[in-house]
1. Is there a quick way to get the dipole size of the range 1-101? I mean about its Cα centre, with the Cβ of Lys and Arg at +1 and of Asp and Glu at -1; what is the value in debye to the nearest 20?
2. Set the Förster distance to 30 Å, then compute FRET efficiency between residue 313 and residue 160 from the Cβ-Cβ distance, nearest 0.05.
3. Between residue 341 and residues 5 or more places away or on another chain, which pairs have amide H atoms under 5 Å apart, with H built 1.01 Å from N, and which residues are they?
4. Tabulate in residue order the Karplus-calculated ³J(HN,Hα) for the range 42-56, using 6.51 cos²θ - 1.76 cosθ + 1.60 with θ = phi - 60°, rounded to whole Hz; enter x for Gly and Pro.
5. Relative contact order for the range 190-229: what percent, with Cα pairs under 8 Å and sequence separation of 6 or more?
6. If the only charges are +1 at each Lys and Arg Cβ and -1 at each Asp and Glu Cβ, what is the size of the charge dipole of the range 311-389 around the Cα centre, to the nearest 20 debye?
7. Could you compute the FRET efficiency for residue 251 and residue 444, with r as their C-beta to C-beta distance and R0 at 41 Å, rounded to 0.05?
8. Which ³J(HN,Hα) values, rounded to whole Hz and listed in residue order, are derived for the range 93-101 from phi using the Karplus coefficients 6.51, -1.76 and 1.60 in 6.51 cos²θ - 1.76 cosθ + 1.60 with θ = phi - 60°, glycine and proline given as x?
Amino acid sequence: MKRVLIVDDDDAMRMALVDSLESCGYEVTAAENGQEAMEMFQKETFSVVISDMRMPRVGGMDVLRQIKKISAQTPVILITAYGTVKTAVEAMKEGAAEFLMKPFSLDDLEFTVKNVLANQMHQEFEQHRSDRSGQPAIKEIITENNRMLSLLTMMRNVAKSKSSVLIQGESGTGKELMARYIYLHSGRKHKPFVAINCAAIPNNLLESEMFGYEKGAFTGAIQRKIGKFEMADGGTLLLDEISEMDIQLQAKLLRVLQEGEVDRVGGKQPVPVDVRVIATTNIDLKKAIEMKKFRQDLYFRLNVIPVVIPPLRDRKEDIPILAGYFLKKYGAASEKTGLSLSPAALRLMGIYTWPGNVRELENVMERAVLICDETTIEPEHLGLDETELPMVIPAIQDAPAAISPAQMENMTLREVEKALIIETLNKVQGNRTKASQILGISVRTMRNKLHEYNLEDI
């Protein structure tokens, strides 16, 4: 459950925020002032902090700065009744994830929290190696894959431009991480980085989130709202999963990119903005264009600098170093030191298809750390989806020569697999754990294979 810290000196507002977010399923803690909030934050862990701007002694900006010193990755949402564009931009420069102006609806609050959590920055990776040029590699991304190393070099070169970037890749490959990598190497790194998840916000609200609205623009618009484009002025705007954007809204986005100005909903005058746009998607936009779900002109406008992040299964050399990093990370959090992966576990991870990519690998390592009672992670600790594992034959390197190539010619793949399992078990006197290690599969997979081939009595 996500934990939220509310900071507001107004009792009525504070309780309203607590009740609203608790009804959404969050675990909410409230503080009456900034000092109390900081004391709580130093003792407990929170997923997001929501703070009023104007409070006695320790105001919202002070809360923001102190939280960022303690935990730079914790998102902070600031709320105020006295907001201006200048104030919002200043808050974003200081690291605020969002800026809400009172009065706002509880629906606005709920969607804002969901969006902030959806776009929470991934844990920045530590430096483990130097690139081929001998220069220090950049911290945020761990890789030894040549394709990824070339991609990072190219991104450092293009980061200095204002051109739009379209990042494509499967879910979990690190598209947002790459977007932040570009931002941190650009001349805009001291300006705001604003992210909006197009899939997390209903299309009927997405327009006002991006472009903002004027007071009285529609029912419930009781105060001007500053949109993401204005918040990102001078900096970078990430449009995550842009393929989920309604096609009519795509036309309005295209105009903003072409003209460099936004029209607030209900506004009378366009507002000029200087924003670098980075968009991400996990689908093939060319196919979406063919299906009339994505505008071709918008695609060309966004795809000035195309980036395709390879899936983890195509960068096998990164699996051990990423797994090692996550073992260290979650081992430290669980006070388990000296954890390592067995050769069998590494072999199994090498043949696994990783449909969830790096995100799935991180989850697998976190789970393995929690359930492993020893210092060595074995295949049975990984809990990998067996449907994403190939048959055992491609993974066998140390298995005995159970059958000759000549015999294989007249056997089906299933017969070959069955024969290899039988021979391997015979070689280790029926020890299923040892046989699983030799074959590069988990003990659970071995058990299922024995059941499949009616070999439980071996």
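1. Details: 11 positive and 16 negative charges, 104 e Å.
Dipole magnitude for the range 1-101 comes out near 500 debye.
2. Values: r = 32 Å, r/R0 = 1.08.
So the FRET efficiency works out to roughly 0.40.
3. 377
4. Result, rounded to whole Hz: 6, 9, 10, 10, 10, 6, 7, 10, 10, 10, 5, 7, 9, 9, x.
5. On the way: 38 pairs, mean separation 14.4, N = 40.
Rounded, it is 36 percent for the range 190-229.
6. Working: 9 positive and 14 negative charges, 59 e Å.
Computed charge dipole of the range 311-389: roughly 280 debye.
7. On the way: r = 51 Å, r/R0 = 1.25.
FRET efficiency, residue 251 to residue 444: 0.20.
8. For the range 93-101, the Karplus curve yields 4, 7, x, 5, 7, 8, 9, 10, 9 Hz.
Where a number appears in this text, it was derived from the coordinates with a stated rule and is not lab data. These numbers come from a predicted model, not from an experiment. Cβ coordinates were reconstructed from backbone atoms using ideal geometry, including for glycine residues, and neighbour counts include every protein chain displayed.
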